[in-house]
Every structure is written in C-alpha cells, then in structure tokens.
Amino acid sequence: MKLTALGLAGLSIPGCSTDDAQRVIPFSAQGLEADSPRWNDLRSHFGLLDGVSYLNNASIGLPPRVVSQSVADGYRAQSEDPIHAKHDLQDRIRESTLPLLARFFGVQPEELTLTPNASVALHLQAVGLNLRAGDHVIITTQEHPAGRKPWKYREARNGIEVTEVFIPSPLPSTEDIIRRFDDAIGPRTRAISFCHVTRGGHLYPVTDLCEWARARGLTTLVDGAQAVGQFGIDLRDMGCDAYSASLHKWTLGPCGTGFLFVSRDASERFSSSFEPDPASTSYGAPGTADFAIRASVGTAIEFVESIGMGQVEARCRYLSDYLKSALESQSGVRLLSGERDRSAPGSTIFEIDGVDAIEAVDRLAALNIHIDEHQRDGHNAIRISTHIYNAANEIDNAVRSLMELSV
C-alpha cells in the first residue's frame, strides 16, 4: 500500500490490513504550530505499544504503519510469486524509490547507492576514495566508530596517514573548528571526513567545512546518519563530495536502510570495491538484495514529505526545547547540548550529578521509557532524542524518573 502524495493538506494512512484499507486516520500538519496538542494524534500512525515511551530515535526510529505494511506486502508478494515480485520490486526501486530519494536530497538518482545502513556507506566511501601510501586524511575525535574504523583500516592496509582533530563537546565556534582543521592540514592532505551531526546531537558547520576544503582541493566525506530526517538537507547546496546516511533513524524508513551519495563531479576520485568498470555509478555489492525493504524507503519518504520537513524540524526543536527547559529547572543537571545553531533539533545530552548514564538507561527501560547513554567525549551523559510522535508528558515522565535516580 503506497502513501499517496497529499502534501501538507492531509495524510491518510491505511489500516492494518488491505482488507480494511478504506478505514483511514487523517492527519493534517498544515498550519499546525509546533506546540499544538494535535501532534499527539500522529501517534496513531505508528504501532508502538501503549504505555511505551520511545525517546531513543537517534539509535533507531519507528517506521509508521504504512511503511511496515509496505515491507510486509513486498515479502508476501515474494512468497506468493517470487520471480514476478522480484522484478516488480526492482522496477519500483529504480522508477520510484531512487527518484524520490534523490529529489528529497537535491541530487540525481545515479549519484545514490542504496545500502543497509550508514556504517556500510561510510566504509564504501572511505575505502573507495583513491589514495596512495603517504596520503593524509583528517577526521575528528567526535566521529562514530563506524566513521573512524574504515580510515584506521586504510591506514593499516594502504599506508595512508590519519589525523584526528580534537573537537570539544559542546562545540566551539565555527571559526574555532575551521582553525583546528587548518592547523592539521599538510602537503599530503587529500581529504577530510567528519559528521554532519554527532552522536550527541552537535551540529557541525558542514557547509563552511565543505567550502574550506573545496578551496584547498580536498575531498569532503560526511557522515549524515544523525542528520537526515531531522531537518531539510540539500546535498548539492551543501557542497560535499560524498555523504553517508541511515534512513531507519529520523527518516522513519524500515530497519536496514541507508544510502551513499557520491557527487557526479567527484566520481573520478572514487572507485567501487565491487565493480571494476570506471563508468559505473554504483558502489554497492552485486547480487540479490532486500528488495521489499529497499522499495519501502520510498513510502517512508512520502510519509515524511506529506507532513513537511519544515514541520518536522519545528516539532523536533519544540520538544527538545521543552526538554531543556524541564532539565534547567532541576538542580544537579548540566546541559551539554549547544545553542540552536550548534545543535540538531531532536537530540539532547545532559549529565545528572550522582547518576551513571548506563545504569539510568536500564532503570528507565524497566519503566518502559527508552533513552540512551552518551559516555564519551569526556561525558557521563544521558541522551534523549525526541521525534514528531513524542509528547510533552512523555518528557515530563522521563525527567521525573531520572531525577528520582539522583535522590
């Protein structure tokens, strides 16, 4: 079942089965303020169990019912008529999913390679960059392990040099960050690799960094796993050469979806690990893929577009601001998320005196409140990541439960 393109005027989600598809739950985001209680109605479009507060969207998001149904329909079709279903799903991916995804990010379909996640895409972009022994790459200390390990692999296997630039948490100014990169550059520097949004929700000055790198002839490779789906992104305007993302976090795609973008203008600097043909625009592995899941990425994009990325960003920002206000009223709490221009809309990290972050995750999970820890970058921090289907009362309950741990 495919979500029709209704824009902001309305969103109609079919019921749990095709037999009662005529039963719909309308939702309109047109003119809806970010703090409107009507956002709570959106919860019915998701299958989350009653009584569960899911505040860990930065780990993995919730696919809406229409996306889950799309995946189930695809697998059912494959079990009923494998060959025809395979070809139908492949056609759908080529003719619908990839064009939708490309339009959503302002690029061309041939510049995108579907992957199971950002980790695979990060590996493909790092291993695929044409480098020689002795070439130098700059990364940062705030990279996710999936963004750091491929470069360490190339350092050990290909003899390149990798420098990790220390970036404080919370983030310093844009000028400070660029100065740190500037101090690390050398005569053999060929590329910089960094995250768009860090695991802790810090928003890097990605466009400024890409402009700085382009002026010096450096290739830019960006980890967008925590960025896509929280706010609108135009990769062409951003100016990066490669970008990796997961679609099963903020973009609400089915689990096991992501993509690698390699700009057409930079394609001669990359090679596929699987396809020796220099004219190929695909960097993924050949062979049978999870067609039903990949085809359903288009359904997720349509779902998000029907609400509107501006509305999504505003709602996420409202909820994180609400959380920050609730935390600031408590004693013994240190907010680590920066100002709006340095923090993503939906992720908030903070420390509570006397509370171990990992223990707090387990204690709240026992209450059906799901959060995450951020014990890195020198922090013993808790991370709460809120999305459009979350509500203010869930935040109130989470804060109250966390503060009870500090008593």
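The values are calculated or read from the model by the stated rules, or taken from the named source; none is laboratory data. Here the structure is a predicted model, which is why all the values come from computation and not from measurement. We place every Cβ from the backbone using ideal geometry, glycine too, and count neighbours over all the protein chains shown.
Within the stretch 174-186, is even one residue farther than 21 Å from Cys210 by Cβ and either surrounded by fewer than 19 Cβ atoms within 10 Å (Cβ to Cβ) or not aliphatic (A, V, I, L, M) (or both)? No: the stretch 174-186 contains no residue that is farther than 21 Å from Cys210 by Cβ and either surrounded by fewer than 19 Cβ atoms within 10 Å (Cβ to Cβ) or not aliphatic (A, V, I, L, M) (or both). Could you list, in sequence order, all residues of the stretch 360-405 that are more than 22 Å from the chain's Cα centre (by Cα) and among the acidic types (Asp, Glu)? Result: Asp362, Glu394, Asp396, Glu404.
Checking the stated criteria, Glu110 turns out to be within 30 Å of Pro254 (Cα to Cα) and surrounded by fewer than 21 Cβ atoms within 10 Å (Cβ to Cβ).
Among the candidates Ala398, Ala300, Ala314, Ala357, the residue that is small (Gly, Ala, Ser), modelled with pLDDT of 95 or more, crowded, with 17+ Cβ neighbours inside 10 Å and touching a helix residue (DSSP H, G or I) at 6+ places or on another chain (Cβ under 6 Å) is uniquely Ala300.
Here the condition is being in contact (Cβ under 8 Å) with a residue 40 or more places away in the chain, farther than 14 Å from Asp321 by Cβ, buried (at least 17 other Cβ atoms within 10 Å of the Cβ) and not small (Gly, Ala, Ser); of Ile384, Ile388, it holds for Ile388 alone. Scanning the stretch 258-270 turns up no residue that is out of contact with any Cys (no Cβ under 8 Å at 6 or more places or on another chain) and assigned to a loop (DSSP other than H, G, I, E, B).
Is it true that some residue in the stretch 244-265 is surrounded by fewer than 19 Cβ atoms within 10 Å (Cβ to Cβ), more than 13 Å from the chain's Cα centre (by Cα) and in contact (Cβ under 8 Å) with a residue 24 or more places away in the chain? Checking the stretch 244-265: at least one residue is surrounded by fewer than 19 Cβ atoms within 10 Å (Cβ to Cβ), more than 13 Å from the chain's Cα centre (by Cα) and in contact (Cβ under 8 Å) with a residue 24 or more places away in the chain. In this structure, does Leu335 turn out to be of a type in the set (A, V, I, L, M, F, W, C), closer than 24 Å to Met403 by Cα and crowded, with 18+ Cβ neighbours inside 10 Å? So Leu335 fails the test.
Here Gly51 fulfils each of the conditions (1) over 30 Å from Leu367 (Cα atoms); (2) over 22 Å from the mean Cα position of the chain (by Cα); (3) small (Gly, Ala, Ser) apart from (1). Is it true that Leu32 is farther than 28 Å from Asp290 by Cα and crowded, with 20+ Cβ neighbours inside 10 Å? Criteria not met by Leu32.
Considering Val361, Val355, Val407, the condition of being hydrophobic (A, V, I, L, M, F, W, C), within 29 Å of Ser44 (Cβ to Cβ) and not in a strand (DSSP E or B) is satisfied by Val361 alone. Of all residues in the stretch 319-352, those that are part of a loop (DSSP other than H, G, I, E, B), of a type in the set (Gly, Ala, Ser) and either touching a Leu at 6+ places or on another chain (Cβ under 6 Å) or without any contact (Cβ under 8 Å) to a residue 24 or more places away in the chain (or both) total 4.
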